[in-house]
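One structure below.
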Amino acid sequence: MKSSLKKIALIISAAVLFSGCTHKNTPVKIEFASWGSKSEIEIIKPILENFEKENSDIKVEFMHIPQNYFQKIHLLFASNTAPDVIFLNNLYLPIYANAGLLEELKAPEGVFEEKTLEALSYNGKLYAIPRDVSNLVIFYNKYLFNKHKIPYPDRNWTFEDFLKTAQKLTDKDTFGISFEEDCLFFLPYLMSEGGGILSDDLQTEIINSPESQKGLKFYADLRNKYNVAPKREQSASATMAQLFLQGKLGMHLSGRWLVPKYREECDFDWDIINFPSGEKGSIVPLDASGWAISKSSKHKNEARKLIEYLSSKENIEKMTKSGLIVPARIDAANSKTFLDDKKPKNAKIFLEVLKTSKPTPVSVNYNEIQDKVKAELEPLFNSKN
């Protein structure tokens with residue numbers, strides 16, 4: 001009897017012991033949400049797999065949301081099921097930071113471009129570790145410049161030089177410059193004249209200021225007065241990128257995100273130059289994207305580990321290699337991975353533009369303000385006069 005009891009005791013002890021070991025070795029699960037194209041996800045997934053190999057005590061559940069991203073993130077926060085790590089941009093970050101839904105973070109000094117940290121802060125507190133910085137440059141078709149015997153744009157060109165160049169490029173088959181009605185694409189014209197949509201202190205809408213109106217007039221005149229930019233009916237359903245690829249645009253105002261597409265699909269030579277200077281210089285909006293941690297996360301230490309891993313120089317360079325992003329990390333931005341020998345030849349322009357670009361002033365209701373402004377400007381941009 002005593003022998004049987006001893007055996008039972010040993011079995012129970014072993015069961016408890018192994019049960020404890022199993023529990024101890026069960027990885028902590030954290031959720032990570034991000035948007036991204038198929039090619040971008042193909043870069044992210046192996047990075048996450050490597051992270052799990054190096055951190056066997058953490059399991060990452062990747063939540064890829066390719067469409068209606070922020071609407072779905074809104075719903076997840078509302079239902080108290082927000083992911084532990086969330087990829088955000090500066091245009092939406094204030095909404096969540098103001099509502100107390102994000103964890104305050106710290107970034108190592110001297111690692112990231114300072115303006116990206118400013119863009120991803122709210123009320124002086126950092127809420128996301130930056131991955132990339134987004135600004136605007138002028139892509140230009142070198143074949144068309146050569147065809148019309150026009151010198152390539154100079155870094156010191158002005159609005160006047162820009163207009164003259166667009167006029168020389170324009171003929172029955174080609175427009176000189178792109179035209180898009182989203183705020184992002186007319187903000188450089190306003191900012192370079194000293195205007196914008198919101199004041200720097202976020203307290204005042206300045207779209208009707210003399211400086212903003214001057215920039216808006218110049219932009220609208222490109223389409224309606226000088227006819228160097230396509231009207232809606234002239235571009236029909238084609239995007240500005242498609243017109244550029246078709247050789248129907250001499251210049252295209254856009255961002256780094258088009259580089260992979262242009263590398264692959266352009267059958268002509270092309271390059272980039274900074275936006276021209278207005279009254280206050282060459283100023284384009286600076287936006288940024290990065291990784292935030294949900295305030296409600298039960299695994300903040302593991303979430304921080306993941307962000308630290310994602311934002312390492314090695315992994316940022318992996319995301320940079322395709323040409324898709326301008327790295328927020330200073331070392332990655334100045335590496336051979338970013339400054340490679342591929343197009344655009346003047347890739348360093350993306351970095352030079354950072355010096356004069358300005359983080360977009362963004363309030364909690366900025367997206368509603370943008371929608372209102374866009375609706376109000378529709379008649380100006382589509383004037384029949």
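Remark: pairs (first residue in segment 328-346, exposed (fewer than 15 other Cβ atoms within 10 Å of the Cβ); second residue part of a helix (DSSP H, G or I) and modelled with pLDDT of 95 or more; Cβ separation under 6 Å; 6+ apart in sequence or on different chains) = Asp331/Lys313.
So that you can scan it fast, the table gives a plain yes or no per residue for (1) more than 12 Å from Phe139 (Cα to Cα); (2) in contact (Cβ under 8 Å) with a residue 40 or more places away in the chain; (3) in the same structural domain as Phe185 (by TED's automatic domain parsing); (4) not acidic (Asp, Glu):
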| residue | (1), (2), (3), (4) |
| --- | --- |
| Met240 | no, yes, yes, yes |
| Gln246 | yes, no, yes, yes |
| Met251 | no, yes, yes, yes |
| Ser254 | no, yes, yes, yes |
| Asp267 | yes, no, yes, no |
| Asn274 | no, yes, yes, yes |
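Could you check, for segment 80-93, whether at least one of its residues is touching a strand residue (DSSP E or B) at 6+ places or on another chain (Cβ under 8 Å), modelled with pLDDT of 95 or more and polar (S, T, N, Q)?
Taking segment 80-93 as the starting set, the residues that turn out to be touching a strand residue (DSSP E or B) at 6+ places or on another chain (Cβ under 8 Å) are 82-91, 93.
Then keep just the ones that are modelled with pLDDT of 95 or more; that gives 82-91, 93.
If we keep only those that are polar (S, T, N, Q) as well, we get 89-90.
Yes, because at least one residue in segment 80-93 is touching a strand residue (DSSP E or B) at 6+ places or on another chain (Cβ under 8 Å), modelled with pLDDT of 95 or more and polar (S, T, N, Q).
Name every residue in segment 280-309 that is of a type outside the set (Lys, Arg), out of contact with any strand residue (DSSP E or B) (no Cβ under 8 Å at 6 or more places or on another chain) and under 30 Å from Ile197 (Cβ atoms), in order of residue number. Listed by number, the residues that qualify are Gly281, Ser282.
In the set Lys72, Lys29, which member is charged (D, E, K, R), at negative phi, in contact with a strand residue (DSSP E or B) (Cβ under 6 Å, 6 or more places away or on another chain) and surrounded by fewer than 16 Cβ atoms within 10 Å (Cβ to Cβ)? Step through it out loud before you land on a result.
Working: Lys72 fails: in contact with a strand residue (DSSP E or B) (Cβ under 6 Å, 6 or more places away or on another chain).
Exactly one residue qualifies, and that residue is Lys29.
Here Glu368 does not qualify as free of Cβ contacts under 8 Å to residues at least 60 places away in the same chain, charged (D, E, K, R), assigned to a helix (DSSP H, G or I) and surrounded by 15 or more Cβ atoms within 10 Å (Cβ to Cβ). The residue of segment 225-238 that is nearest to Thr170 (Cα to Cα), among those that are of a type outside the set (Lys, Arg), part of a loop (DSSP other than H, G, I, E, B) and in contact (Cβ under 8 Å) with a residue 40 or more places away in the chain, is Val228.
The condition of being polar (S, T, N, Q) and in contact with a Gly (Cβ under 9 Å, 6 or more places away or on another chain) holds for only one of Ser235, Ser294, Ser254, Ser212, that being Ser212.
Got at least one residue in segment 114-133 being at pLDDT 95 or above, surrounded by fewer than 20 Cβ atoms within 10 Å (Cβ to Cβ) and not assigned by TED's automatic domain parsing to the domain that holds Trp35? Checked segment 114-133: no residue is at pLDDT 95 or above, surrounded by fewer than 20 Cβ atoms within 10 Å (Cβ to Cβ) and not assigned by TED's automatic domain parsing to the domain that holds Trp35. Total residues in segment 167-207 satisfying the condition of being under 25 Å from the mean Cα position of the chain (by Cα) and charged (D, E, K, R): the figure is 7.
Among the residues examined, Leu222 does not qualify as part of a loop (DSSP other than H, G, I, E, B) and in the same structural domain as Tyr143 (by TED's automatic domain parsing). Of the residues making up segment 133-146, not one is within 18 Å of the chain's Cα centre (by Cα) and without any contact (Cβ under 8 Å) to a residue 12 or more places away in the chain.
Among the residues making up segment 187-199, those that are more than 13 Å from Tyr366 (Cβ to Cβ) and in contact (Cβ under 8 Å) with a residue 60 or more places away in the chain are Pro188, Tyr189, Met191, Ser192, Glu193, Gly194. When each of Lys106, Lys164, Lys149 is tested for being within 30 Å of Ala220 (Cβ to Cβ), free of Cβ contacts under 8 Å to residues at least 40 places away in the same chain and not in a helix (DSSP H, G or I), the lone residue that passes is Lys149.
The values are calculated or read from the model by the stated rules, or taken from the named source; none is laboratory data. Nothing here was measured: the structure is a model prediction, and the numbers come from that model. Glycine gets a Cβ as well: all are built from the backbone with ideal geometry, and neighbour counts include every protein chain shown.
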